[in-house]
Amino acid sequence: MFDLPNPLRRHFIAAAAAVAVAPLAPRAWSAAAVRPFTLQAGTAPVALVGDPHPPTEAWCFDGKVPGPELRARQGERLRVVVTNRLAEGTTVHWHGLRLPNAMDGVPGLTQAPIAPAGGTFVYEFDLPDAGTYWYHPHSRSFEQVARGLAGVLIVDEPERYRADRDITWALQDWRLTRDAQIAGGFGNMMDRTHAGRIGNTVTVNGVVAESFDVRAGERIRLRLANLAVARIFGLEFQGHRPQVIAYDGQPVAPHEPQGGLLVLGPGERIDVVVDMTGAPGERFAVVDRFYRQNAYELLALAYGKEKPLRARFDAATALPPNPTPEIDLARAARHEIVFAGGMGPGMMGGGGSMGRGPMGGGMRGGGMTGMAWTINGVAVTEDGHAHDPLLTLERGRTVVLAMANDTNWHHPIHLHGHFFRVLTRDGRATRQREWRDTALLAPGEKAEVAFVADNPGDWMFHCHILDHQAAGMMATFRVA
Ligand code: C2O
Ligand code: CU
């Protein structure tokens, strides 16, 4: 089994690896309806940690980690030709997008795997919603994503949001050996039954970053995306007050997060506005303090010497809403969803009592066969294998999912093909009634979410800690 070293191990850090910044060039309105891309899944050496460590042999898109940032405009049609150069089958899932079921990238459910050694598949679909999304395989994803196959997809609003820069931080977490290679042991029982494959090296845009250069007085729209397979982030921007403008790509009234902490479970995104209120030459830490015993500095905001761009900031503006169908709670169908299983007390999750919810309760063949988790008593493993839908939802009707996390662990619960509103947490109305595609449930937490089941097809509903997903925490909803 692995011990989990503290990610604070700065011996992995390359000297002042700067994070790539991409200033937004003003873009002419394009008449072209289709935005074409190609992606190649393959293996490549990548300089995650830098000298004196050798490059890391990763599995990745177009030879990069994260994969290329795909960018299109709301209302356009995306076309991505994917070629598989891996030695095993794969697919690409477009996380958070409302798209036709056949484009959802789930092997065995929505398509056959793309054949190894040169197979191709063309994904093509409209982009009704702006926002920050991402893409990753849905095929043995606990290993394929952990080896590096993941990238960010941005759908721009028709009007550019008012900020000086539009920046993405793609967060990834790696379990590396001493010589900076990806450690084996994928899908081991320890990871499956506990917090998942948490790593020992965190990268921002593919590098162990020391600092991020900013200018006093500038306003940055920062898109945070958690592409990790298991690590939850809780980011504190010391000396700054980031305002959330979107969760999982979906606009929300600008607000400061509770306790100043930006919490992102695996799969989740948060768009924030960060006003650089520090002075030229100052330096502020961005600290990840989600796991309290293991807080570490993700990187530092490093102010340049230039004089401030402005002295005072206007209030952050809200993003324009996406055309998401509004829920109708008066006519909603209500379903209870209970998550159970896992081993022992939550190492990081508080709680502390042994096994909330019996390990074997109602599980089909549980225990040592590798099924560790259940949804409503059923463990489904292996996406790619047909199984009966957990729920059949009437097309066009509002659905309320009353979810209960009856375990000692956190679970980021993700639904494909729809966004849901988070209505309550532990019985209390949420402040923002935010739209999301993933809801992070704390140990023992309950949450009610609602959405209009308007997208026909079979859709996955699963934990985005990918070892949990592979170990049973997965189901499908049929919208018919
Ligand atoms: Cu991000 Cu089912 O996936
Ligand atoms: Cu989980």
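Here the gap between Glu282 and Ala102, fully extended at 0.36 nm per residue and compared with their Cα-Cα distance, gives a gain of 59.8 nm. Classify segment 229-304 as rounded, prolate or oblate, taking a ≥ b ≥ c as the square roots of the eigenvalues of its Cα gyration tensor: rounded when a/c is under 1.5, otherwise prolate if a/b is larger than b/c and oblate if not. Taking the square roots of the gyration eigenvalues as a ≥ b ≥ c, segment 229-304 is oblate. Dipole of the chain computed with +1 at Lys/Arg Cβ and -1 at Asp/Glu Cβ about the Cα centre; of Pro68, His138, Gly118, farthest Cα towards the positive end is Pro68. Out of all DSSP beta bridges in the chain, what portion is antiparallel? Express it as a percent rounded to 5. Percentage antiparallel, nearest 5: 70. A simple charge model with +1 on the Cβ of Lys and Arg, -1 on the Cβ of Asp and Glu and nothing else charged puts the dipole of the chain at about 560 debye relative to its Cα centre.
Look at the Cα gyration tensor of segment 157-274: its axes a ≥ b ≥ c give a/c of at least 1.5 with a/b over b/c, and that counts as prolate.
Would you tally the net charge around Thr277, using a Cβ to Cβ cut-off of less than 11 Å, leaving Thr277 out, and scoring K and R as +1, D and E as -1? Local net charge: +1. Running Debye on segment 43-121 with equal point scatterers at the Cα sites and no solvent, what base-10 log of I(q)/I(0) appears at q = 0.16, 0.21 Å⁻¹? At q = 0.16, 0.21 Å⁻¹ the computed log10 ratios are -0.73, -1.05.
Within segment 248-263, what residues put their amide N at less than 17 Å from the label point 7 Å along the Cα-to-Cβ vector of Asp426? In segment 248-263, the label zone of Asp426 (backbone N under 17 Å from the point 7 Å along Cα→Cβ) covers 258-261, 263. Taken about its Cα centre, segment 366-473 carries a charge dipole of roughly 540 debye when the Cβ of each Lys and Arg holds +1 and the Cβ of each Asp and Glu holds -1.
Projecting the Cα atoms of Val207, Leu227, Ile182 onto the charge dipole of segment 178-229, computed from C-beta unit charges around the Cα centre, puts Leu227 farthest toward the positive end. Scattering from the chain was approximated by placing one identical point on each alpha carbon and applying the Debye formula without solvent; log10 I(q)/I(0) at 0.09 1/Å stands at -0.57.
Each peptide among 41-49, 95-103, 278-286, 218-226 gets the average number of other Cβ atoms lying within 10 Å of its residues, and from highest to lowest they stand as 218-226, 95-103, 41-49, 278-286. Straightening the chain between Thr392 and Ala112 buys 98.5 nm, computed as 0.36 nm per residue apart minus the Cα-Cα spacing. The residues of the chain expose on average 38 square angstrom of accessible surface per residue, using a 1.4 Å probe on protein heavy atoms. For segment 127-206, what does the alpha-carbon gyration tensor say about shape, rounded, prolate or oblate, given a ≥ b ≥ c as the root eigenvalues, a/c under 1.5 as rounded, and a/b over b/c as prolate? Prolate, since a/c reaches 1.5 and a/b exceeds b/c.
The stretch between Glu326 and Asp213, if pulled fully straight at 0.36 nm per residue, gains 36.6 nm over its current Cα-Cα span.
The values are calculated or read from the model by the stated rules, or taken from the named source; none is laboratory data. Predicted, not measured: the structure shown is a model, and the values here were computed from it. We place every Cβ from the backbone using ideal geometry, glycine too, and count neighbours over all the protein chains shown. Calculation scope for accessible area: heavy atoms of the full protein, side chains included, ligands and nucleic acids excluded. Shrake-Rupley method; radii C 1.70, N 1.55, O 1.52, S 1.80 Å.
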